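Undergrad: Have a look at this one.
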Amino acid sequence: GNLTLLAVDVVHDLAIVFNDLQSSQHLTITEDPLSKGERIYSMGNPRDLGMTIVEGIYNGLVENSRYRKILFSGSLNPGMSGGPAFNESGEVIGINVSTGGEQLSFLVPVKHLFSLLATTDHHEPEENVETLLNEALLTDQNEFYEAMLGHDWSERQLADLAVPDKLHESLKCWGHTVDNEDVEHQAVHQHCKSEDEIFISNDLFVGDFDFDVEMIDSKNLNRFQFYNFLEQRFTNRNFGNTYDADEVTNFACSDDLVTLFSGSWKISTCFRAYKRYTDLYDVSMIMVSTDYPHKAAIVKVAATGISTDNARAVFKRVMGAISWTH
């Protein structure tokens, strides 16, 4: 039959649709808690082969995730997205959303479905979908960056540089070093990256955030060679969340030399706007120190689906949180 769109939750990849067909069959949804290790069962239509049930284990919510999802030890496949996941009593406890690999899948907790259902006490169709999505995306990024900017950042030592450590609990951070005889410099890296994105369409994902710091030291390069080496590394991030020109404008970038408490820096910032979603942008900032002839710091910040106010607030906070210690 014909379906009518009643409500959308773009952040959790849910929608409510309605049709006029009458049926005595229905599923029961529940928010009753589960314990880790309990059996749960996911239903869907993998690769359009027919209705299938996948048995797996409930592992609780994914820890330190921006969008809290149930970690399911079971194999979801393309075509199963949107299908229900049941407890052993046959009650729906989650909705299939994505897979992270073999026997590693994710479910949307049913509480988000309850919240969406609460907005649909009538059967009037939702006609302003893009406006609704725009408002939801703006609200979501505001909550994320308010949380990021609303607490004191911890600090860690990266060679001669003190840098902010974990800007938000949902970010995954790791580090590594480059130091071998074939390389004419030594480098210490710290990378922090969000692991959650919001799917809007096959041509657009938003919600990514990256924060990278690289501390470089070289005694084998003269001042001119070291400057050229830094110039080659002074590149803004390559964004892969969309390649569709109908979704975004071209990047507009500006470069500047600034003096901060930590010293002198060359800074480049780039912004590109979304054409269908007002006040949302992809942004990038890169800054490189210019005070020393044989050592330098390169700091990069990048985000997708962020407002200009939040982007500038994050840039300013990062610039003020960097300091030399030697």
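The values are calculated or read from the model by the stated rules, or taken from the named source; none is laboratory data. These figures come from a predicted structure and were not determined experimentally. We place every Cβ from the backbone using ideal geometry, glycine too, and count neighbours over all the protein chains shown. SASA here: full protein model, heavy atoms, side chains in, ligands and nucleic acids out. Shrake-Rupley method; radii C 1.70, N 1.55, O 1.52, S 1.80 Å.
Undergrad: What whole-number value in cubic angstrom gives the convex hull volume per residue for the C-alpha atoms of the range 75-175?
TA: About 199 Å³ per residue, rounded to a whole number.
Undergrad: Something else about it: To check my understanding: the extent here is largest minus smallest coordinate of the Cα atoms along each principal axis. What are those three numbers for the range 14-84, in Å, largest first?
TA: Cα extents, longest axis first: 41, 27, 24 Å.
Undergrad: Further, regarding this structure: How much accessible area per residue does the range 183-326 have, counting only protein heavy atoms and a probe of 1.4 Å, in square angstrom?
TA: Accessible area per residue, the range 183-326: 47 Å².
Undergrad: As a quick test, which of the pairs LYS172/LYS219; LYS172/LYS275; LYS166/LYS266; LYS193/LYS295 have an alpha carbon distance above 28 angstrom in this structure?
TA: Correct reply: LYS172/LYS219; LYS172/LYS275.
Undergrad: Run down the lysines and flag those whose C-alpha is under 24 Å from the C-alpha of LYS111, throwing out any fewer than 8 positions away in its chain.
TA: Counting by Cα, and skipping residues close in sequence, LYS111 has these lysines nearby: LYS36, LYS69.
Undergrad: What are the residues whose amide H is under 5 Å from the amide H of GLU38, where those residues sit 5 or more places off or on another chain and H is modelled from the backbone?
TA: Under 5 Å from the amide H of GLU38: TYR58.
Undergrad: Now for a different question. Using helices alone, I'd like the mean residue ellipticity at 222 nm for the chain: each DSSP H run of four-plus residues gives -39500 (n - 2.57), total over residue count, nearest 500.
TA: That calculation yields -5500 deg cm²/dmol at 222 nm.
Undergrad: Cα atoms only, the range 257-326: Rg and Dmax in Å?
TA: Gyration radius and largest Cα-Cα distance of the range 257-326: 13.9, 48 Å.
Undergrad: Another question, if that's okay. What's the Cα-based Rg to Rh of the chain, Rh via Kirkwood? Don't jump to the answer; show the numbers that get you there.
TA: On the way: Rg = 23.6 Å, Rh = 22.5 Å.
Rg/Rh for the chain comes to 1.05.
Undergrad: I need the per residue convex hull volume for the range 133-257, using only the alpha carbons, in cubic angstrom as a whole number. Write out the running numbers ahead of the final one.
TA: Values: hull volume 21.1 nm³, N = 125.
Spelled out: Cα convex hull of the range 133-257, divided by residues, is 169 Å³.
Undergrad: Which whole-Hz couplings ³J(HN,Hα) result when phi for each residue of the range 83-100 is put into the Karplus expression 6.51 cos²θ - 1.76 cosθ + 1.60, θ = phi - 60°, listed in order with x for Gly and Pro?
TA: Each residue's phi maps through the Karplus curve to give x, x, 10, 10, 7, 6, 8, x, 8, 6, 10, x, 10, 4, 10, 6, 10, x Hz.
Undergrad: For the range 145-282, with all protein chains present and a 1.4 Å probe, just round the carbon and sulfur fraction of the accessible area to a whole percent.
TA: Values: 3510 of 7600 Å².
Of the solvent-accessible surface of the range 145-282, carbon and sulfur hold 46 percent.
Undergrad: Let me ask something else about it. For the pair TYR41 and ASP291, how long in nm is the line joining their label points, each one 7 Å along Cα→Cβ?
TA: Between TYR41 and ASP291, the simple spin-label model gives 6.5 nm.
Undergrad: Using the Karplus curve 6.51 cos²θ - 1.76 cosθ + 1.60 with θ = phi - 60°, work out ³J(HN,Hα) for each residue of the range 130-144 in order, rounded to whole Hz, and write x for Gly and Pro.
TA: 5, 5, 4, 5, 4, 5, 5, 5, 5, 5, 4, 5, 4, 5, 5
Undergrad: A further question on this structure: Restricting everything to alpha-carbon atoms, can you work out Rg to Rh for the range 45-97 with a Kirkwood hydrodynamic radius?
TA: Reported Rg/Rh (Cα atoms, Kirkwood Rh): 0.97.
Undergrad: Okay, moving on. About the Cα centre of the range 1-143, how large is the charge dipole given +1 on each Lys and Arg Cβ and -1 on each Asp and Glu Cβ? Please answer in debye to the nearest 20. Working shown, then result.
TA: On the way: 7 positive and 20 negative charges, 116 e Å.
Computed charge dipole of the range 1-143: roughly 560 debye.
Undergrad: Please compute the per residue accessible area over the range 6-73 with all protein chains in place, 1.4 Å probe, rounded to a whole number of Å².
TA: 64
Undergrad: Relative contact order of the chain, please, whole-number percent, based on alpha carbon pairs below 8 angstrom and at least 6 residues apart.
TA: 14
Undergrad: Turning to a different aspect of this structure: Whenever you get a sec, compute what percent of the accessible area on the range 2-66 sits on carbon and sulfur atoms (1.4 Å probe).
TA: Summing carbon and sulfur atoms, their accessible area is 48 percent of the total for the range 2-66.
Undergrad: Tell me, in nm to one decimal, what length is gained between PHE229 and ASP212 on full extension, where the rule is 0.36 nm per residue of separation less the Cα-Cα distance?
TA: On the way: separation 17, 0.36 × 17 = 6.12 nm, distance 1.79 nm.
Roughly 4.3 nm would be gained on extension.
Undergrad: Which value results when the Cα radius of gyration for the range 189-326 is divided by 2.2 N^0.38 Å?
TA: Its radius of gyration relative to the 2.2 N^0.38 Å reference: 1.14.
Undergrad: Ordered by residue, what ³J(HN,Hα) values in Hz, to whole numbers, does the range 263-275 give under the Karplus form 6.51 cos²θ - 1.76 cosθ + 1.60, where θ = phi - 60° and Gly and Pro are x?
TA: So the Karplus estimates, Gly and Pro as x, are x, 9, 9, 9, 10, 10, 10, 9, 9, 9, 8, 7, 7 Hz.
Undergrad: Within the range 86-118, which residues have the backbone N less than 11 Å from the label spot 7 Å out from THR28 along Cα→beta-carbon, could you tell me?
TA: What the label zone holds, given the 11 Å backbone N cut-off, is 89-92.
Undergrad: Within the P(r) computed for the range 230-269, what percentage of the Cα pairs occupies the region above 16 Å?
TA: 54
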